[in-house]
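A short worksheet on the structure shown next.
The values are calculated or read from the model by the stated rules, or taken from the named source; none is laboratory data. All values derive from a computational prediction rather than experimental measurement. Counting neighbours? That spans all protein chains shown, and the Cβs are built from the backbone with ideal geometry, glycine included. To get the accessible areas, we keep the full protein, side chains included, count just its heavy atoms, and leave off ligands, DNA and RNA. Shrake-Rupley method; radii C 1.70, N 1.55, O 1.52, S 1.80 Å.
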Amino acid sequence: VGLGPMTDGHIKRIILENGDEQSKKTNVKALMTNWFMHKKHSVFKEICQQAIDLAMEHSPHDINWSAFDCWGSISKKGEWTKTHDHWPHPWSFVYYSDVSEGCSPLHFPNPTSAGGGYSVQPEKGELVMFPGWLYHGTMPQLVDFERVIVAGNLVYKV
(Lines give C-alpha, C1' and ligand atoms only; values in the text may rest on other atoms or scores of the structure.)
Protein backbone atom coordinates (compact mmCIF):
# COMPACT_ATOMS: atom_id res chain seq x y z
CA VAL A 1 0.00 0.00 0.00
CA GLY A 2 2.91 2.36 0.78
CA LEU A 3 2.40 5.98 -0.21
CA GLY A 4 6.07 6.81 -0.71
CA PRO A 5 8.70 8.75 1.28
CA MET A 6 7.48 12.22 0.29
CA THR A 7 3.89 11.44 1.26
CA ASP A 8 4.96 9.75 4.50
CA GLY A 9 7.05 12.81 5.36
CA HIS A 10 4.00 14.97 4.60
CA ILE A 11 1.88 12.85 6.98
CA LYS A 12 4.36 13.42 9.82
CA ARG A 13 4.42 17.19 9.13
CA ILE A 14 0.61 17.34 9.18
CA ILE A 15 0.48 15.42 12.48
CA LEU A 16 3.11 17.67 14.06
CA GLU A 17 1.41 20.85 12.77
CA ASN A 18 -1.92 19.60 14.09
CA GLY A 19 -0.35 18.77 17.44
CA ASP A 20 -1.41 16.65 20.37
CA GLU A 21 -5.12 17.37 20.63
CA GLN A 22 -5.93 14.44 22.92
CA SER A 23 -3.38 15.09 25.73
CA LYS A 24 -2.97 11.34 26.32
CA LYS A 25 -6.59 11.11 27.58
CA THR A 26 -7.49 8.37 25.07
CA ASN A 27 -6.10 4.84 24.86
CA VAL A 28 -3.18 6.30 22.88
CA LYS A 29 -0.52 7.41 25.36
CA ALA A 30 1.38 9.41 22.74
CA LEU A 31 0.85 12.46 20.54
CA MET A 32 -2.55 12.10 18.88
CA THR A 33 -4.41 14.42 16.51
CA ASN A 34 -8.14 15.08 16.40
CA TRP A 35 -10.47 12.28 15.35
CA PHE A 36 -11.41 13.58 11.90
CA MET A 37 -8.19 14.23 9.98
CA HIS A 38 -9.70 12.68 6.83
CA LYS A 39 -12.15 15.60 6.63
CA LYS A 40 -9.33 18.17 6.49
CA HIS A 41 -6.39 16.46 4.75
CA SER A 42 -6.48 14.62 1.43
CA VAL A 43 -3.66 12.23 2.34
CA PHE A 44 -5.67 10.96 5.34
CA LYS A 45 -8.73 10.65 3.08
CA GLU A 46 -6.63 8.59 0.63
CA ILE A 47 -5.58 6.18 3.41
CA CYS A 48 -9.25 5.83 4.39
CA GLN A 49 -10.12 5.08 0.76
CA GLN A 50 -7.47 2.33 0.67
CA ALA A 51 -9.00 0.86 3.83
CA ILE A 52 -12.47 1.06 2.24
CA ASP A 53 -11.16 -0.73 -0.85
CA LEU A 54 -9.74 -3.52 1.34
CA ALA A 55 -13.01 -3.79 3.28
CA MET A 56 -14.97 -4.09 0.04
CA GLU A 57 -12.58 -6.74 -1.22
CA HIS A 58 -12.71 -8.83 1.97
CA SER A 59 -16.28 -8.40 3.16
CA PRO A 60 -18.73 -11.23 2.49
CA HIS A 61 -21.41 -8.80 1.25
CA ASP A 62 -21.50 -5.85 -1.11
CA ILE A 63 -21.73 -2.99 1.41
CA ASN A 64 -21.22 0.73 0.97
CA TRP A 65 -18.38 1.55 3.43
CA SER A 66 -17.30 4.97 4.66
CA ALA A 67 -14.70 6.31 7.07
CA PHE A 68 -16.18 7.18 10.45
CA ASP A 69 -12.99 8.63 11.93
CA CYS A 70 -9.28 8.85 11.16
CA TRP A 71 -6.43 10.23 13.27
CA GLY A 72 -2.66 10.44 13.32
CA SER A 73 -0.25 9.55 16.09
CA ILE A 74 3.46 9.77 16.78
CA SER A 75 4.85 7.48 19.49
CA LYS A 76 8.26 8.18 21.02
CA LYS A 77 10.36 5.96 23.26
CA GLY A 78 8.32 4.88 26.31
CA GLU A 79 4.94 5.71 24.75
CA TRP A 80 2.27 3.07 24.13
CA THR A 81 -1.38 2.29 23.47
CA LYS A 82 -3.66 0.68 26.06
CA THR A 83 -5.44 -2.51 25.06
CA HIS A 84 -8.90 -1.61 23.76
CA ASP A 85 -11.39 -2.31 21.00
CA HIS A 86 -13.28 -0.15 18.51
CA TRP A 87 -16.73 -1.68 18.86
CA PRO A 88 -19.24 -1.06 17.25
CA HIS A 89 -17.11 -0.35 14.16
CA PRO A 90 -16.95 -3.39 11.83
CA TRP A 91 -13.45 -2.58 10.51
CA SER A 92 -10.50 -0.75 12.03
CA PHE A 93 -7.17 0.00 10.37
CA VAL A 94 -3.69 1.33 10.99
CA TYR A 95 -1.28 2.61 8.33
CA TYR A 96 2.39 2.56 9.28
CA SER A 97 3.76 5.76 7.76
CA ASP A 98 7.18 5.56 9.46
CA VAL A 99 8.45 2.71 11.62
CA SER A 100 11.69 0.91 12.37
CA GLU A 101 12.40 -2.77 13.04
CA GLY A 102 12.47 -2.10 16.77
CA CYS A 103 9.06 -0.41 16.99
CA SER A 104 6.50 -2.09 19.22
CA PRO A 105 4.19 -4.46 17.37
CA LEU A 106 0.43 -4.19 17.20
CA HIS A 107 -0.69 -6.84 19.68
CA PHE A 108 -3.98 -8.73 19.76
CA PRO A 109 -4.10 -10.52 23.13
CA ASN A 110 -5.73 -13.91 23.58
CA PRO A 111 -9.00 -13.14 25.39
CA THR A 112 -9.23 -16.62 26.92
CA SER A 113 -5.82 -16.73 28.61
CA ALA A 114 -3.44 -14.48 30.51
CA GLY A 115 -0.75 -14.74 27.83
CA GLY A 116 -0.34 -15.35 24.17
CA GLY A 117 -2.24 -13.76 21.36
CA TYR A 118 -1.02 -12.50 18.03
CA SER A 119 1.34 -9.65 17.14
CA VAL A 120 1.94 -7.80 13.88
CA GLN A 121 5.40 -6.29 13.54
CA PRO A 122 4.90 -2.96 11.77
CA GLU A 123 6.42 -2.43 8.34
CA LYS A 124 6.73 0.96 6.72
CA GLY A 125 3.96 1.49 4.17
CA GLU A 126 1.80 -1.36 5.48
CA LEU A 127 -1.94 -1.00 6.03
CA VAL A 128 -3.32 -3.45 8.62
CA MET A 129 -7.08 -4.04 8.78
CA PHE A 130 -8.84 -5.93 11.56
CA PRO A 131 -12.35 -6.35 12.95
CA GLY A 132 -13.22 -3.47 15.26
CA TRP A 133 -14.27 -5.81 18.07
CA LEU A 134 -10.75 -7.27 18.41
CA TYR A 135 -8.86 -6.07 21.47
CA HIS A 136 -5.50 -4.59 20.51
CA GLY A 137 -2.75 -2.31 21.79
CA THR A 138 1.01 -1.81 21.88
CA MET A 139 3.67 -2.14 24.53
CA PRO A 140 5.83 0.92 25.30
CA GLN A 141 8.28 1.84 22.55
CA LEU A 142 11.72 0.51 23.51
CA VAL A 143 13.60 2.22 20.70
CA ASP A 144 14.43 5.89 20.29
CA PHE A 145 12.42 6.19 17.06
CA GLU A 146 9.23 8.10 16.32
CA ARG A 147 6.61 5.63 15.08
CA VAL A 148 4.20 7.53 12.82
CA ILE A 149 0.78 6.00 12.16
CA VAL A 150 -2.60 6.86 10.73
CA ALA A 151 -5.53 4.90 12.17
CA GLY A 152 -9.27 4.86 11.82
CA ASN A 153 -12.57 3.05 11.67
CA LEU A 154 -15.02 2.20 8.94
CA VAL A 155 -18.82 2.03 9.12
CA TYR A 156 -21.37 0.98 6.57
CA LYS A 157 -23.89 3.39 5.11
CA VAL A 158 -27.49 2.27 5.37
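Separation of the alpha carbons by more than 24 angstrom is noted, of K39/K82; K12/K82; K40/K157, for K39/K82. Neighbours of H38, meaning other residues whose beta-carbon lies under 14 angstrom from its beta-carbon, give a summed charge of +1 when Lys and Arg score +1 and Asp and Glu score -1. Could you work out the local net charge near W91, counting Lys and Arg as +1, Asp and Glu as -1, over the other residues with Cβ closer than 14 Å to its Cβ? Summing Lys/Arg as +1 and Asp/Glu as -1 gives -3.
The residues F108, F93, F68, sorted by heavy-atom accessible surface at 1.4 Å with ligands and nucleic acids left out, run F68, F108, F93 from largest to smallest.
Dividing the mean sequence gap of close Cα pairs (under 8 Å, 6+ apart) by how many residues the chain holds gives a relative contact order of 30 percent. For the chain, the solvent-accessible area with a 1.4 angstrom probe is 54 square angstrom per residue.
Of all the accessible heavy-atom surface of the chain, with the other protein chains kept in place and a 1.4 Å probe, what percent is carbon and sulfur?
Of the solvent-accessible surface of the chain, carbon and sulfur hold 57 percent.
Restricting the stretch 117-158 to chymotrypsin sites (Phe, Trp or Tyr not before Pro) that sit in a DSSP loop and have at most 16 other Cβ atoms within 10 Å of their own Cβ leaves W133, Y135, F145.
A simple spin-label model places the labels of K77 and I63 4.3 nm from each other, with each point 7 Å out along Cα-to-Cβ. Fully extending the segment from D85 to K12 would add 23.8 nm, taking 0.36 nm per residue of separation and subtracting the current Cα-Cα distance. Taking the stretch 13-117, which trypsin sites (Lys or Arg not before Pro) meet the DSSP loop condition and have no more than 14 other C-beta atoms within 10 Å? Hits after loop and neighbour filter: K24, K25, K40, K76, K77. Would you mind checking the stretch 59-85 for residues with the amide N under 19 Å from a putative spin-label position 7 Å along Cα→C-beta of Y135? Within reach of a label on Y135: 80-85.
Charging the Cβ of each Asp and Glu at -1 and of each Lys and Arg at +1, and nothing else, the dipole of the chain about its Cα centre rounds to 460 debye. Between F145 and S119, residue separation times 0.36 nm minus the direct Cα-Cα distance comes to 7.4 nm.
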